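**Q** Would you mind keeping the following structure in view while I ask a few things?
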């Protein structure tokens, strides 16, 4: 059984405008798939729709995680099944420290796993996991006591997104433009962290405009997304080709011109 | 009537501390207020004549004073149906073991013994109208700190009480201050000698435990030069099918260089009118801090005030109000700058949901000659749904050009994007909303003693459950 199966997925805004116009994708555990596309191609819409954002409607098709459809589930239930979205623009929650938020999120997942019974993580165990993950991702300890994403720099936000990923142990991680706004050192650390999590228990879907992050998270498959569809698919070499040639060949004007 | 019953059952579902045990009051003045009731209360307490005279004067003033109409709706208060005095036991008990089992059971359910073990330096517990349990740790006695029920305070420290009683809040201040002065019973009396810093917060628990029972406690705190005390007052009350009135008066005097913090978590059941007059005077270089959380009651009208009467005095008010269905929290703060280089900071946060109404009503007054006075007021309102309401009535009067007054106000709603972000991490919608609300009030909760902060967050969670979906 595939980890993630996307079948002929169509996503529309609530006003009916179709953004994703029929895509198919299968991700197995241990695989990294890159979805690359130009700005405005609907990559982020796809990511948000997978997570169950209320502004988007699945107009047809299906999304299955470990063989079960996600479409009828709210975002929290999708998270509880093992879906994780690293946001391009994470939201600030003033008054809630990173540490307290992490613990609440971990406990929410543990509660779901325990069939709805509270099963809070013992504090020493939480501290241990937190310390290990912060060290690996080089998250400054000082950040943990600050309010979640409140006044964080772009790089700090991204680090904390990946810190969440590391602690929540999802089945499938969707990274939405995680590389944007990162300097090269931060990118290496974060990408290294994600790569180390990919394995028998986790697959990843890396959504990006640039090939840069793929130097550090080696994709098994690359899908080029433009105009709401996959317009080209291949191995890692496709990413390199895009880096040198750009998306021109896949933009609507260019494709219509060729036809 | 059936509407009313439905309403009450609704309260019971949300209200964690909504229980009351059967108690046997030993003495009551019956319903309604007359001159004889006032005389009886005073006689029961064997008070000095001056106090009886003060009560009677206040009673006369209460009769002539109209019910105020500028704030919440007070028209449903039936003054004739209220018990003004109920005395549950003959005398104060000095230890837990001596408490009547009935009363002890009530307190046990509030978790007080556990709290005491961890935190309490002394407990003045108000059960109905009388302080029935009182204990001071030896350390306090050794330091010369007085922490008594107000009735005992009057008996044992009459000079101090006579010097200050009604000076900060005269009975002519407002109708409910007059009522309190006429029928007051219980409350706390605290005196901290010069230079003494009380390390542990002093705590008192209040509750109303009789139907239609009025609660009129009176608190007087005198902090002498260079001394410090933190007084914590937490209220939980059981549920009743008819309205209840709570009209307290708190007076605080902080002498030069002293500091007093007064923390209240008010969680009356949602049939209580909570009309409290709190006022403090900060003398030269003294500091007064009011931390005021209002979660319960049907209507609260409370505006903790600080009179900065000495040069360099500082006042702070941290206020949080949570208005749920059927609740109106009309809260705020007052800072009066009556001396040079005085400073004040007012931070008020309110949350309204389910048709609740929360407001900030505040006054900053800078008197002529209060050169270099500085005041900052920040009001933030969080409105959780379309039916709920938030009002801001700030009044600023400046009679001194050499002063600096700032006022900021924001109104916000919980954003769909914030909720989605938290839910994408596995939190349910109500857990996500609670987290956002707890974060919103965090600047206040972080100032509370730990157990109160925990309780406050639990109460918010409770309030938020059923508020979504």
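Please treat every number below as a calculation from the coordinates, not as lab data. Note that the structure is a prediction, hence the values are computed from the model and not measured. FYI the Cβ positions are ideal-geometry reconstructions off the backbone, even for glycines, and counts take in every protein chain you see.
**Q** Can you put B:314, B:407 in order of Cβ neighbours within 10 angstrom, beginning with the fewest?
**A** Fewest to most other Cβ atoms nearby, the residues stand as B:407, B:314.
**Q** Here is a follow-up. Can you give me the P(r) profile for the stretch B:416-469? Cα pairs, bins 10 angstrom wide beginning at 0, each as a whole percent.
**A** Here the calculated profile for the stretch B:416-469 is 26, 49, 23, 2.
**Q** Moving to a separate point now. Would you please classify the overall shape of the stretch B:386-431 from the alpha carbon gyration tensor, given that a ≥ b ≥ c denote the square roots of the eigenvalues, rounded means a/c under 1.5, and beyond that prolate means a/b larger than b/c while oblate covers the rest?
**A** Numbers: a/c = 5.88, a/b = 2.82, b/c = 2.08.
Cα axes put the stretch B:386-431 in the prolate bin.
**Q** Determine, for each peptide in A:71-78, B:321-328, A:146-153, the mean count of other beta carbons within 10 angstrom over its residues, then list the peptides with the highest first.
**A** Highest to lowest by the protection proxy: B:321-328, A:71-78, A:146-153.
**Q** Go ahead and collect, in residue order, the members of the stretch A:64-82 whose backbone nitrogen is under 19 Å from a label point 7 Å along the Cα-Cβ direction of residue A:197.
**A** Inside the label zone: A:65-66, A:75-82.
**Q** Let me ask you something else. If r is the Cβ-Cβ distance from residue B:57 to residue B:450 and R0 is 35 Å, what FRET efficiency results, to the nearest 0.05?
**A** The calculated FRET efficiency here is 0.20.
**Q** While we're looking at this one, here's another question. With label points built 7 Å along Cα→Cβ from the Cα atoms of residue B:76 and residue B:400, find their separation and express it in nm.
**A** With each label placed 7 Å out from Cα toward Cβ, I get 4.4 nm.
**Q** Ok, one more. What FRET efficiency do you get for residue B:28 and residue B:387 if R0 is 56 Å and r is their Cβ-Cβ distance, rounded to the nearest 0.05?
**A** Calculated value: 0.90.
**Q** Here is a follow-up. Taking every residue in B:441-453, how many Cβ atoms of other protein chains lie within 10 Å of its Cβ, on average?
**A** 1
**Q** Still on this structure, please answer the following. If neighbour count is taken as other Cβ atoms inside 10 Å, put A:44, A:195 in order from fewest to most.
**A** A:195, A:44
**Q** Of the peptides B:250-258, B:223-231, B:73-81, A:32-40, how do they stack up when ordered by the mean number of other Cβ atoms within 10 Å, highest first?
**A** B:250-258, B:223-231, A:32-40, B:73-81
**Q** Run through the DSSP bridge list for chain A and note the antiparallel percent, rounded to the nearest 5.
**A** So the antiparallel bridges in chain A amount to around 60 percent.
**Q** Whole angstrom only: what separates the Cα centroid of the stretch A:51-128 from the Cα centroid of the stretch A:152-186?
**A** Comparing the Cα centres of the stretch A:51-128 and the stretch A:152-186, I get a distance of 16 Å.
**Q** Can you compute the FRET efficiency between residue A:125 and residue B:413 using 1/(1 + (r/R0)^6), with r the Cβ-Cβ distance and R0 = 51 Å? Round to the nearest 0.05.
**A** That pair, residue A:125 with residue B:413, gives E of 0.90.
**Q** Something else now. Mind checking the mean number of beta-carbon atoms from other chains within 10 Å of the Cβ atoms in B:334-344?
**A** Going residue by residue through B:334-344 and averaging, the value is 0.
**Q** Obtain the nm distance between the two label points defined at residue A:241 and residue B:139 by a simple spin-label model: each point lies 7 Å from its Cα along the Cα-to-C-beta direction.
**A** Calculated label separation equals 7.6 nm.
**Q** Please report B:376, A:128, A:157 as a ranked list, fewest other C-beta atoms within 10 angstrom at the top and most at the bottom.
**A** Values: B:376 17, A:128 12, A:157 20.
In order of increasing Cβ crowding within 10 Å: A:128, B:376, A:157.
**Q** While we're on this one: Hey, got the average number of other protein chain Cβ atoms within 10 angstrom for residues in B:426-437?
**A** 6
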